[in-house]
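Report on one structure; see the data block that follows.
The values are calculated or read from the model by the stated rules, or taken from the named source; none is laboratory data. Given the structure is predicted, the values throughout are model-derived calculations rather than measurements. All Cβ positions, even for glycine, are placed from backbone atoms using ideal geometry, and neighbour counts span all protein chains on display.
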Amino acid sequence: MECTRLSSSISSLYNTSIKIKSSLSTQSRNFVTLNITKSPPNPIYHNNIIKRSLSIVSQSSTMDDFQQSSTSKGSESFFRSVLESMEKVYLSRNQTADSILKLVKSVDGEGVCYDHIAFRTFGVDGHGIDSIAKFFLDFGYTMKDQLRFPAKKLKAFWFAPPSYTCDDNGSGVTGPLPRVFISELLVDEMSPQAQEIIRKYTKVSGIGNRHAALASALGTLTWEIPLYSEFQDLARESEYAAWTLVNGYALNHVTISVHRLKSQLNNINSINKFIEGNGFKLNSEGGVLKVSPDGLLLQSSTVADSTSFHFGDGKEESIPRSYIEFAERLVLPQYQNIADKEIKESHRRDGFEVGNADKIFESTSSDQLTRKAA
């Protein structure tokens with residue numbers, strides 16, 4: 001069972017963490033110990049600021065202390081290793097994303113950066129945004145703006161990477177740390193039948209929500225493998241809910257930072273043409289190109305891959321997996337006079353846009369999956 005495998009993995013990682021803690025005992029501050037302790041309370045959202053205790057950082061240390069600590073390099077190495085594991089699971093399940101990354105690298109070189117990575121969650125019983133966010137907060141990320149999607153019964157927050165590190169030479173998760181976008185289904189707003197199904201699985205997950213990042217890195221569910229009939233029931237009401245039931249905390253998508261590319265692909269129209277020219281289908285919801293009202297955030301995405309899935313009742317059916325996105329952030333008006341070679345990421349449009357994200361969500365919808373390529 002998935003839960004048994006996850007418990008074994010937690011035990012293994014816990015034993016490793018004891019060794020890490022021991023090796024850092026001579027330091028004035030302990031950072032990564034990954035002790036399996038009682039989880040912190042659910043976050044309290046007030047004016048879009050999360051108020052919570054960071055469970056991994058010792059009480060004697062502040063985040064500023066961590067950033068200056070001699071252990072931060074080792075901690076960052078551990079953090080990036082987890083991200084790499086998440087990425088490996090993602091690429092192993094999504095041939096389109098793997099192929100496109102290789103294609104772009106064949107033209108642009110190995111230094112392809114991620115603009116952001118994204119996760120989906122259930123907003124119930126501690127399995128919502130905070131379940132995955134706490135991992136990133138513990139490693140220096142900062143919660144930013146909230147986004148609401150009333151029609152889809154969703155909300156989301158995005159998280160900015162820490163400023164203490166910036167590796168401009170790596171690729172993907174080994175390069176500049178990406179933004180993180182985490183959404184959750186507002187389960188209490190769903191029908192009684194849908195709520196019953198979701199709560200059934202989050203209940204048997206037990207403390208699985210405390211180890212969401214581990215589940216993502218391992219590519220496993222923290223609850224039992226669902227029944228196909230319940231997957232169908234959820235899909236009729238919310239395809240987001242059905243996707244999350246079978247994919248759990250797996251990466252929903254990664255996003256190539258288009259303006260950071262060094263070749264002729266470094267604008268959104270060029271890369272869209274390149275992707276479609278190589279036979280891949282782009283999400284056409286609201287048009288292939290999604291543009292923010294200020295015209296400074298340009299996004300597009302492929303349609304999700306589908307793979308066979310063995311359900312708990314013995315049925316084997318195709319389910320939607322993940323997709324890859326592309327984002328170009330234009331220079332803000334106040335920095336238009338800066339020379340191109342002097343432009344930094346901080347000079348560009350930051351954040352996310354509800355209208356764009358709402359359409360990007362459709363990359364896993366049945367309408368997009370069954371649509372014939374143009």
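Annotations for the structure displayed:
- Test: residue in segment 210-218 that is assigned to a loop (DSSP other than H, G, I, E, B) and farther than 23 Å from ALA97 by Cα: no
- Residues of segment 268-314 classified as among the hydroxyl-bearing types (Ser, Thr, Tyr) and part of a helix (DSSP H, G or I), total: 1
- Taking the listed residues ARG210, ARG260, ARG148, ARG179, the one that is among the charged types (D, E, K, R) and out of contact with any helix residue (DSSP H, G or I) (no Cβ under 9 Å at 6 or more places or on another chain) is ARG179, with no other qualifying.
- Taking every residue in segment 159-179 that is within 16 Å of SER81 (Cα to Cα) and surrounded by 15 or more Cβ atoms within 10 Å (Cβ to Cβ) and pairing it with any residue that is among the hydrophobic types (A, V, I, L, M, F, W, C) and at pLDDT below 70, at least 6 positions away or on another chain, the pairs with Cβ-Cβ distances below 9 Å are PRO176/CYS166; LEU177/CYS166.
- Taking every residue in segment 128-143 that is over 21 Å from THR222 (Cα atoms) and part of a loop (DSSP other than H, G, I, E, B) and pairing it with any residue that is at pLDDT below 95 and among the aliphatic types (A, V, I, L, M), at least 6 positions away or on another chain, the pairs with Cβ-Cβ distances below 8 Å are GLY140/MET63.
- Picking from residues in segment 324-374 that are within 19 Å of the chain's Cα centre (by Cα) and in a loop (DSSP other than H, G, I, E, B), the one that is surrounded by the most Cβ atoms within 10 Å (Cβ to Cβ) is PHE352.
- Single residue of segment 124-140 satisfying the filter (more than 14 Å from the chain's Cα centre (by Cα) and buried (at least 22 other Cβ atoms within 10 Å of the Cβ)) that is farthest from LEU83 (Cα to Cα): HIS127
- From the list LEU265, LEU221, the one residue that fits, being of a type in the set (A, V, I, L, M, F, W, C), over 22 Å from the mean Cα position of the chain (by Cα) and assigned to a loop (DSSP other than H, G, I, E, B), is LEU265.
- Residues being closer than 27 Å to GLY109 by Cα and among the hydrophobic types (A, V, I, L, M, F, W, C) are entirely absent from segment 312-322.
- Segment 198-211: number of residues that are of a type in the set (A, V, I, L, M, F, W, C) and either more than 21 Å from GLU239 (Cα to Cα) or surrounded by fewer than 23 Cβ atoms within 10 Å (Cβ to Cβ) (or both): 2
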